[in-house]
Every structure is written in structure tokens, then in C-alpha cells.
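Visitor: Dropping the structure in here first, questions after.
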Amino acid sequence: VDVYLDQLGSGLFGYATTDPRVKGRRKPGFLVLDNDYDGFKGAPVKLMQATMAHEYNHVVQFAYDLGSDAWMFESTATWMEERVYPALNEYIDFLDPTFQSPEAPLAEVDRWAFKLYGSALWNHYLTTLYGPEVIRAAWEARQSVTPDGFAAGAYERAIIDAGGSGCSQDFLGFAAATAERRSTSVFP
């Protein structure tokens, strides 16, 4: 995977994108990272690590299916930061929008954009129940669900295949665990 360094500015840590000349729903990608993380809050090396893990995961996702729901892209890439660098915990910075807007759908894209990143908590919850393989299984199920690009359907298939009751039942447990997050061991 090609990685380019640039002075990105505008609060942009980095990004992943695809080659526009390649057609189809699966495409190769590359990364562009800020060259020094100067001016950002936090240690530059930690910011680079979190960004690298997050954006590299997008490149992997591009190989699965570009037609997936945006929240699945962002929530699993944010979840991946923790898988690659467990001590970073950068995703915690995005939890306030998630907890402050419980009425907003998990997959909200427009009005609560940062909730997409905070929704990584859903993937952490599923990992606690079934192991990290369930997240990969959801990505692998992407093209076999209806309607096409429906992330909840992909999670449904992955959860059932992992021995669970399904997405809606696990979401009830997730909602209860996040509501009681300060008094439970589900989210240390």
C-alpha cells in the first residue's frame, strides 16, 4: 500500500482513497498522512499510529465493498485503531457525541457526524461477546445481504453465524450496557 506524507492542515490527520481510474465496487487504495501532526492536540507519534491503523483499515474495506454504509466504514476503522494499538484509546474522544445524542441512530451520518466514530463502541461490544472475528465476518457478509450495502444485515448474518440471536437482540444488550456504562464491566 502506498503511503504519502503531506502537510494536510485543516484538522485533517490523514485519509485513505482509491484510484479513480479503477472501476467497480472493489478498488485498491492508498493513504495520505499528515507529515508531522504539528498543531494537533496529542503526541504526534500516537496521532500517527491511530491515523495509520484507521486509514489502513479503510484500504482493506475498499477491497471488500465500496458500497457499504458509511457508519460501518468509520465505526470499524475506529475500532481497528484499538485492535492495532490497544494502549492508545483515541476512540474515547468520540464517545461524547454518542452518549450526548442517544436519540440519534447509530448509523447517523448527517447531523451527528462524530457519532460515526463513537459508534466503534458497537464493534467493541460485539468483540466482547463473540471475539474480533465477528467484525471481519460482517464485512465478508456485505455482498450477500439485502438490501445491498445494508450494514445491519451484514452484522445480523455475522452475529447469527457466531452463535448469537441476531443484531436486534444484541443491540438491546448494547443499549443497556451503554446506558449503564459507568456501573458495568462491559466497557472498562
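Visitor: Using unit Cβ charges (K, R positive; D, E negative) and no other charged atoms, how large, in debye to the nearest 20, is the dipole of the stretch 37-188 about its Cα centre?
Guide: 280
Visitor: So, one more: Can you give me the orientation-averaged projected area of the convex hull built on the Cα atoms of the chain, in nm²?
Guide: Directional mean of the projected Cα hull area for the chain stands at 11.2 nm².
Visitor: Kyte-Doolittle mean at least -1.0 and Cα extent at least 27 Å along the axis: which DSSP H helices of the chain qualify?
Guide: Membrane-span-like by this criterion, though nothing is claimed about a membrane: 44-64.
Visitor: May I ask you to give the solvent-accessible area per residue for the chain, in square angstrom, as obtained with a 1.4 angstrom probe?
Guide: Roughly 53 Å² per residue, with all protein chains present.
Visitor: Assign unit charges at the C-beta atoms only (+1 for Lys and Arg, -1 for Asp and Glu), then state the dipole size of the stretch 78-140 relative to its Cα centre in Debye, rounded to the nearest 20.
Guide: Computed charge dipole of the stretch 78-140: roughly 100 debye.
Visitor: Separation between the residue 180 and residue 1 pseudo-spin-labels, each 7 Å from Cα along Cα→Cβ, expressed in nm?
Guide: 3.8
Visitor: Could you work out how far apart the two model spin labels at residue 144 and residue 63 are, taking each label as a point 7 Å from the Cα in the direction of the beta carbon, and quote it in nm?
Guide: 2.0
Visitor: Let me ask another. With +1 assigned to the C-beta of every Lys and Arg and -1 to the C-beta of every Asp and Glu, and no other charges, what is the dipole magnitude of the stretch 1-95 about the Cα centre in debye, to the nearest 20?
Guide: 400
Visitor: Where both partners of a DSSP beta bridge lie in the chain, what percent of those bridges are antiparallel, to the nearest 5?
Guide: 55
Visitor: Still on this structure: Considering only the other residues whose Cβ falls under 10 Å of the Cβ of residue 157, what net charge follows from Lys and Arg at +1 and Asp and Glu at -1?
Guide: -2
Visitor: Same structure, new question: Could you rank the peptides 116-127, 12-23, 88-99 by their average count of other C-beta atoms within 10 Å per residue, with the highest value first?
Guide: Put in order of decreasing packing, that is 116-127, 88-99, 12-23.
Visitor: Further question on the same structure: I'd like the carbon and sulfur percentage of the solvent accessible area for the chain, probe radius 1.4 Å, heavy atoms only, ligands and nucleic acids excluded.
Guide: Values: 5460 of 10030 Å².
Ligands and nucleic acids excluded, carbon and sulfur give 54 percent.
Visitor: Let me ask you something else. Using the charge dipole of the chain (Lys, Arg: +1 at Cβ; Asp, Glu: -1 at Cβ; taken about the Cα centre), state which of 33, 147, 67 has its Cα farthest towards the positive end.
Guide: Final value for the positive-end residue is 147.
Visitor: May I pose another question? What FRET efficiency, computed as 1/(1 + (r/R0)^6) with R0 = 30 Å and r the Cβ-Cβ distance, is obtained for residue 136 and residue 36, rounded to the nearest 0.05?
Guide: Given R0 = 30 Å and the Cβ-Cβ separation, E is 0.35.
Visitor: Mind grabbing the base-10 log of I(q)/I(0) for the stretch 28-108 at q = 0.16, 0.20 Å⁻¹? Debye formula, identical points on the C-alpha positions, no solvent, two decimal places.
Guide: -0.69, -1.00
The values are calculated or read from the model by the stated rules, or taken from the named source; none is laboratory data. Since this is a predicted model, take the numbers as computed values, not measurements. Cβ sites come from the backbone with ideal geometry, for glycine too, and all protein chains shown count toward neighbours. Ligands, DNA and RNA are excluded from the accessible area calculation, which covers all protein heavy atoms including side chains. Shrake-Rupley method; radii C 1.70, N 1.55, O 1.52, S 1.80 Å.
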